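**Q** Below you will find the structure I want to go over with you.
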Amino acid sequence: MSSLGNEQRIIDCDLHNVLPSPATIQPFLPAHWQEYTTQSDLKGPAASFYSSGGPLAMKEMVTPVSGQLPGSNLALMQTQVLDGLGIEIGLLNCAYAVEGVHNPYGAAAFAGAVNDWQVSEWLEKEPRLRGSLVVPSQDIELAVQEINRLGHHPGFVQLFLPVRSRELYGTRRFHPLYRAAVDHNLAICLHFGGEPGAPPSPSGWPSYYIEEYAGMSHIFQSQMISLITEGVFGQFPELRVVLAASGITWLPSLMWRLDKEWKGLRREVPWVKQLPSDYMRDHIRFTLTPFDAPPSAEQLEEILDQMGSDELILFSTDYPHHYFTTVEEALPSGLPVGLKHKILFENANKFYGLDG
C-alpha cells in the first residue's frame, strides 16, 4: 500500500487487461463469426503478448492463477493495484492486436467482441475502471462504426492504437476516426507496440529486442511530428492524444528542433498556426512508466522545466509489467509535493475529465 496518505488521490493511466484465451470472446461474436472461427483456423489475434511464465514481462506477484495469463484476472488487478496501491481510477489498455487481422470484417467483429467483453467482464464489474476502445484501424470506415456503436458508453474514455503503424497517424486517412473520437469525447492513446508485419524502425528489422525497445521512442516522435505538421490539431482542436509507455525526457530537444524548423519552413505547412511545442503542451500527454529518468533529481527538475508545463505527465503502473512495488518508487525522487499531486491525479483528471 502507498504511504502517500489517504488524502492523495491517484489515477493509473495504463493498466493492461488481457483475454484469458481467444475462446473468451466467442460468446460476444456475431453468430456468423462464431461459426466461422469454430470451423476455421481464424481465431483472431493472440490473446496476449504477455508470456504466461516470463518474469521480465510481468510483476513478480502477478504469477498466473491456474495457468491464466498475466493481466487476465480482474480479482488480482483489484487486489494488487486498485486496492494495493490505492488507485481511485484505472484506465484499461487492452493491447489486442486486431490490426493484424487482414480480413477487415473479421477484424471489426473481433474488435467489437473484445469491447463487449471489456464492458461485461471489467467495466460493469469494477466501477473504478475506465476502458479504451479497440478499433480495426486498418479500415477507417469500420473503425468509425465501432466508435459510434460504443463511444457513448460512459466506461470508455479513449481509443487504443499501437504507435507503430503502416502509415503515420497524421495522414488524412485517419481524419474520420478523429472526428468520431471528438464527437464522443474520446482521447486517442498511442501505446508502445505495433502492427504485426511493420518493421519497428524506419530502416527495417533489428536483430535484437533491445534495439526495438530503445528505439520505440523514435516512432512516438515521428507520430507526434506527423499529427502536428499534418494539421490534425488545427482540424480537430478538441482532440487529445496520450503517448503511453513512450518515455518523456526526450521531449525538450524535440520541442526545440521542431519549433526551429517550423520557423524556417512554415510556408510549407500554413495550417500550423502556432509553435509546434504549443500544440504538444495543449493536446498531448505522456504516461509516467517506464520513465527514462536522468541520474540526479536536479537534472530531472531541469528537464521538467524545459518542457514548459507541469501538466504533461500522467501516472501509470503499466500493470502487469514489473517496475515498482509502491507508488513512491514509481515517482522520480526530489519532486515537489504539488507536482506529485499533478502527476498522480490532477493532470489525468483534467485531461480526461474523469470526475466531472
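The values are calculated or read from the model by the stated rules, or taken from the named source; none is laboratory data. In this text the structure is predicted, and so the values were computed from the model without any measurement. Note that we place each Cβ from the backbone using ideal geometry, even for glycine, and neighbour counts take in every protein chain shown.
**Q** Would you check which residues across the stretch 237-254 are surrounded by fewer than 17 Cβ atoms within 10 Å (Cβ to Cβ) and within 18 Å of W271 (Cβ to Cβ) and list them?
**A** P237, E238
**Q** Output the residues belonging to the stretch 57-91 that are out of contact with any strand residue (DSSP E or B) (no Cβ under 9 Å at 6 or more places or on another chain), modelled with pLDDT of 90 or more and in a loop (DSSP other than H, G, I, E, B).
**A** Result: N73, G84, G86.
**Q** Right, another one. Given the conditions (1) under 19 Å from P162 (Cβ atoms); (2) surrounded by 15 or more Cβ atoms within 10 Å (Cβ to Cβ), report the number of the one that L275 does not fulfil.
**A** Failed condition: (1).
**Q** When you scan the stretch 303-356 for helices (runs of 4 or more DSSP H) that lie fully inside it, which ones turn up with 1 or more residues that are within 24 Å of F156 (Cβ to Cβ)?
**A** Once the helices (runs of 4 or more DSSP H) in the stretch 303-356 are filtered for at least 1 residues that are within 24 Å of F156 (Cβ to Cβ), what remains is 347-352.
**Q** Now for a different question. Answer with yes or no whether D12 is assigned to a loop (DSSP other than H, G, I, E, B) and at pLDDT 55 or above.
**A** Considered against the rule, which asks whether it is assigned to a loop (DSSP other than H, G, I, E, B) and at pLDDT 55 or above, D12 comes out as no.
**Q** Within the set of pairs 6 or more residues apart or between chains, which connect a residue that is touching a residue at least 24 places away in the same chain (Cβ under 8 Å) and closer than 23 Å to L76 by Cβ inside the stretch 17-43 to a residue that is assigned to a helix (DSSP H, G or I) and hydrophobic (A, V, I, L, M, F, W, C) with Cβ atoms less than 6 Å apart?
**A** Correct list of pairs: N17/W122; I25/A113; I25/V114; I25/W117; F28/A113; F28/W117.
**Q** Next up: Just to be sure I understand the filter: pairs with C-beta atoms under 6 Å, separated by 6 or more residues or on different chains, first member in the stretch 91-102 and under 17 Å from H321 (Cβ atoms), second member among the aromatic types (F, W, Y). Which pairs pass?
**A** Sorted first by the residue in the stretch 91-102, then by its partner, the pairs are N93/F160.
**Q** Could you pull out the residue among S165, S201, S226 that is under 21 Å from G112 (Cα atoms), among the hydroxyl-bearing types (S, T, Y) and surrounded by fewer than 24 Cβ atoms within 10 Å (Cβ to Cβ)?
**A** S165
**Q** When the stretch 282-302 is examined, which residues are found to be modelled with pLDDT of 95 or more, crowded, with 17+ Cβ neighbours inside 10 Å and assigned to a helix (DSSP H, G or I)?
**A** H283 - this is the single residue of the stretch 282-302 that is modelled with pLDDT of 95 or more, crowded, with 17+ Cβ neighbours inside 10 Å and assigned to a helix (DSSP H, G or I).
**Q** Of (1) surrounded by fewer than 15 Cβ atoms within 10 Å (Cβ to Cβ); (2) modelled with pLDDT of 95 or more; (3) not basic (K, R), H218 satisfies all except one. Which?
**A** (2)
**Q** While we're here: Tell me which residues, restricted to the stretch 164-187, are under 18 Å from the mean Cα position of the chain (by Cα), polar (S, T, N, Q) and modelled with pLDDT of 95 or more.
**A** If the condition is that a residue be under 18 Å from the mean Cα position of the chain (by Cα), polar (S, T, N, Q) and modelled with pLDDT of 95 or more, then N185 is the only one that fits.
**Q** Same structure again: Considering only residues of the stretch 306-327 that are touching a helix residue (DSSP H, G or I) at 6+ places or on another chain (Cβ under 9 Å) and surrounded by fewer than 19 Cβ atoms within 10 Å (Cβ to Cβ), which is modelled with the lowest pLDDT? Working first, answer last.
**A** Applying the first criterion (touching a helix residue (DSSP H, G or I) at 6+ places or on another chain (Cβ under 9 Å)) to the stretch 306-327 yields 306-317, 319-324, 327.
Adding the requirement that they be surrounded by fewer than 19 Cβ atoms within 10 Å (Cβ to Cβ) leaves 306, 308-311, 322-324.
Numbers: Q306: 94, G308: 94, S309: 94, D310: 93, E311: 95, H322: 78, Y323: 81, F324: 82.
In this case the residue turns out to be H322.
**Q** Inspect all residues belonging to the stretch 105-116 and state whether any of them is within 15 Å of the chain's Cα centre (by Cα) and closer than 23 Å to S316 by Cα.
**A** No, the conditions are met nowhere in the stretch 105-116.
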